[in-house]
Structure formats: C-alpha cells, structure tokens
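Contents: one structure, followed by commentary.
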C-alpha cells in the first residue's frame, strides 16, 4: 500500500537527484554563503560581532528565498500539469490524489529542505567569528524549516484550486496581504481602544494579536537573535506553521478531485488574461474590436495585458488599495487627518513606482513564455517580420498595459511638482545622485532582460529565479565594493567604482539582449 503511495514521490526524487542543475544550484548557494562568510571575516576588524551580522544576513536571505520559492516553485506543482494538459493523463493512470500530491509537491519540499540543511555546516563557522551561539543556529533553522513546510503546502493548495500558475501566485499574494492588512488594522484599532478604554476583553484581544505577531517567522527570528537567548527550539511559531501546513495539505487532498475535474479535457489552448471571463461565455468568441496596424502589439495588449477591461479592473483595485492606505494612516494618527498635499503626492508616487516595477517584471516573464509554452513562435516567424520586429511589437503591446499605473504616477507628480523638480535637480546636477539614478535604471533594465531570458528556459518561476540571481549578484557586488573602497579612497576612485558598476549592468544587458534574440531564433526554427 505505502509502496504504491510513494511511488511517484520516489521517482521524482530519483529524477531530481540525477539532474546536474540540482547539484549546481546547491553548489552556487553554498559558494554564495562562503563568499558572505569571507566578507564577514574581512569586516571583523570594524565589527565587534561579525558572526552575528553574517548569520542575520543568511537568515533573512533564506526567508526571502523561501517566499520566492513559494511563489515560483511550489505554486506551480499542479498548475503546470493543468496548463500542459497532462493532469488528465496522470489521473487516467489510476493514481490517487494523495499519490499525485506527494509526487508533485512533497518531492519539491524535500529538495528545498535539503537546500536549507546543506548550509548548516558552513553557517556553524559563524560561531568562531563571535556573536552567535549553537542553540541560536539550531533554533533559526528549525523555525525556517517549519516556515518552508507551511509555504510549500500553501503553494500546493493555491496550485490545486487555481487554473494557472499566475492565478496561483495572485491568490497567494492577495490572501497573504489580506490577512496581514486585517491583522495590522485590528492591532491598531484595539491598541487605540486599550489606551482609551482598557477593558479586560480589549486587553486580552491585544495580547492575542501581539502573540500572533511575535510568533510569525520574522518575530521568531528577532527573538532568537537577542542576546542571551535560551528558549526551546520548538516554539509556538514552529507548531503553528506545521499545523497550517497540515491544514493546507488536507484541504488540497479533499478539494483535488473537485477542482481538477475539468483537467480531463486537455488541450483547451492558452489561458487569456481576462479578469471578467465567465464560464458561460468561455467558449464563445469575444469581439475585441478591429486589430491595430501592429497586429502583434494588439494581440499582446488584449491577451497578455488584458485589454481595456483590465484597465477598468486596475483603476478600481489601485484606488481601493490607496484608499486603504489612507485609512491606515488615518487610524494610525489617532483618527486625525493631517496628510498634506506633499505627503499624498509621496504616497501616490511611491505606490506607483512599486506597482510599476511589479507590472514590468510580470510582463517580462510572460512576454515570450506564452509563445514558448504553446509553441507558436514557429507560426509567428511565417509573418513578414524579423525576430527583433516581433519582439519589439510584443513589448509595445505589453507597455500599453502600464497606462493605469502611469496615470497614478503622473497624478502624484502633479500634486507636488516642486518635489519632482527638486528630485530631478539633485539627480542631474549632483554627481552622486546622477550616478545612483543611472545605476538604478541600468540595473532595472538588466533585471528585466534577465527575466525575459530565463522565461525561455524556465518552465515556471522565471521571476523568482531572476530575483534570486539578481540578489546574489548585487550582494556580491556590494561586498566587493565594500572591500575595494578603502583601497581606492575618495575622489576619482569612487567614480571609477561607479563607472565599473554601471558598465557591468550595461554589458550584462547587451549580452542578455543578444542571447535572447538567438534563443528565439533557435526556438522558432524547430
């Protein structure tokens, strides 16, 4: 019985263990840790506890990597089979839902736990640098392992109930943000009630909310890092995360048949970006108007960006989010509204830039992936267009989807134009500000090229993988800069380092641009 249950899991583990990429990724992760360890040792002359600083950076690096793995690695466990139309074939073999869940998700969880555990022998070297004890290292990795198990099963649950991987990611982000906003709002509201009317019920609710915040993984890491930590390794955070993991896995098991019954009808074609699509009209043709002169730009504007319908949806969602942020500011300021024109402008500009970066990253991940997944590149090259013309038309169609968030950005600039002019003056007439702005722009462009290039190779999770690679690269560059700066001194030496940094971004962008074009030509010829 158990042999049949774990058959797919064993096969997946054997397949992953034979892949060279699995071992190369582990080696890269360990090499990065050793690099940070070397940097911490070099900084020991200026830092009284370099081991603690090194271990804190590794802990938060693992925390960020787990979140990215949840969005790109675990959330596609079942949806990738739905998108490829192969889940129905797997179900026709007679595999039970438990076998499929263990084989598709638990194998990934075991691989992630191995990636977490392989760091421990190297992280133990931080004890010799000072500032951290053995019980703190063990407690941190137990907390991170419990959080990883919870995230893996949460991603599995999102993958089971969602039609596509992008929908699973949206569900994970939206539900997590929603829970955090509710908890934050309740904490602020009841904390204010405690100060005005400290009744026993209000005091107990506030204590319960504070207990929840302290037993999140961030709160647990902060507690463990305190001097003199001597608590149990298995805290409430560990048990709560494991309990949530079991809950999500059981829910995935119970809902598997109901949510995947439509997967027996495979080969339904690519999923289009239509938020308001109804099952009643899903198979009917929707008139999207006359195509533009640039037909590929029109196609991607409607089918990747979502068209004018998505414009309305974005305007509504962004307005509600900004309204919620204003409400949080109002409650946090003792129910007094003193946000001036400049503060509101800063809120709009900051929110718009953040969302703009997210939208650009998502578009870069999808712009070529849809063509690769459904093998339509060979059809597109039959048009009287070259590969660069096809790519640039697709980029133009996606960029039209930035109109809603760009309008919010322009509104924020219009509310306080003097701040915008001051920023531009500091950026263009101040050497340090100019180099920072140019370096940031070049880094963003290189990052978008990296996402687009990885989407041609990575079946899922090009964006999280790009974030991890970009984080490794920027951290390594930052450490190298910190080691080089004392030797180059100030003045022209600083500008030399800035030129090298910007030049590396430009070189990476050019290389990725060329490699992406060559890969597209190669895939179109097959």
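Each residue in region 8-27 was checked for being in contact (Cβ under 8 Å) with a residue 12 or more places away in the chain and either under 15 Å from residue 112 (Cβ atoms) or outside any helix (DSSP H, G or I) (or both), and 7 of them qualify.
Rundown of residues vs (1) closer than 15 Å to residue 359 by Cβ; (2) at pLDDT 90 or above; (3) under 28 Å from the mean Cα position of the chain (by Cα), yes/no style:
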residue: 373; (1), (2), (3): no, no, yes
residue: 376; (1), (2), (3): no, no, yes
residue: 381; (1), (2), (3): no, no, no
residue: 384; (1), (2), (3): no, no, no
residue: 395; (1), (2), (3): yes, yes, yes
residue: 403; (1), (2), (3): yes, yes, yes
residue: 407; (1), (2), (3): yes, yes, yes
residue: 410; (1), (2), (3): no, yes, yes
residue: 416; (1), (2), (3): no, no, no
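So which of 148, 156, 180 ends up being at pLDDT below 80 and under 30 Å from residue 233 (Cβ atoms)?
Working: 148 fails: at pLDDT below 80; 156 fails: at pLDDT below 80.
Only one candidate passes the filter, namely 180.
If we scan region 487-497, do we find a residue that is at pLDDT below 90 and closer than 30 Å to residue 308 by Cα?
Taking region 487-497 and keeping what is at pLDDT below 90, we get 487-497.
Then drop every residue that is not closer than 30 Å to residue 308 by Cα, which leaves none.
No, there is no match, as no residue in region 487-497 is at pLDDT below 90 and closer than 30 Å to residue 308 by Cα.
One line per residue, one yes/no per condition, for (1) exposed (fewer than 12 other Cβ atoms within 10 Å of the Cβ); (2) within 18 Å of residue 166 (Cβ to Cβ); (3) modelled with pLDDT of 75 or more:
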position: 284; (1), (2), (3): yes, no, no
position: 289; (1), (2), (3): yes, no, no
position: 293; (1), (2), (3): yes, no, no
position: 300; (1), (2), (3): no, yes, yes
position: 306; (1), (2), (3): no, yes, yes
position: 311; (1), (2), (3): no, no, yes
position: 317; (1), (2), (3): no, yes, yes
position: 322; (1), (2), (3): no, no, yes
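Here is a check on your reading of the model: is residue 448 within 29 Å of residue 311 (Cα to Cα) and in a helix (DSSP H, G or I)?
Working: within 29 Å of residue 311 (Cα to Cα): yes; in a helix (DSSP H, G or I): yes.
For residue 448, the condition - within 29 Å of residue 311 (Cα to Cα) and in a helix (DSSP H, G or I) - is met.
Does residue 88 satisfy being in a helix (DSSP H, G or I), in contact with a helix residue (DSSP H, G or I) (Cβ under 9 Å, 6 or more places away or on another chain) and farther than 29 Å from residue 221 by Cβ? Give the derivation first.
Values: in a helix (DSSP H, G or I): yes; in contact with a helix residue (DSSP H, G or I) (Cβ under 9 Å, 6 or more places away or on another chain): yes; farther than 29 Å from residue 221 by Cβ: yes.
The answer is yes for residue 88.
Checked against the criteria, residue 13 does not count as over 30 Å from residue 223 (Cα atoms), exposed (fewer than 15 other Cβ atoms within 10 Å of the Cβ) and at pLDDT 70 or above.
The values are calculated or read from the model by the stated rules, or taken from the named source; none is laboratory data. Note that the structure is predicted; figures quoted are calculated from it, not measured. Counting neighbours? That spans all protein chains shown, and the Cβs are built from the backbone with ideal geometry, glycine included.
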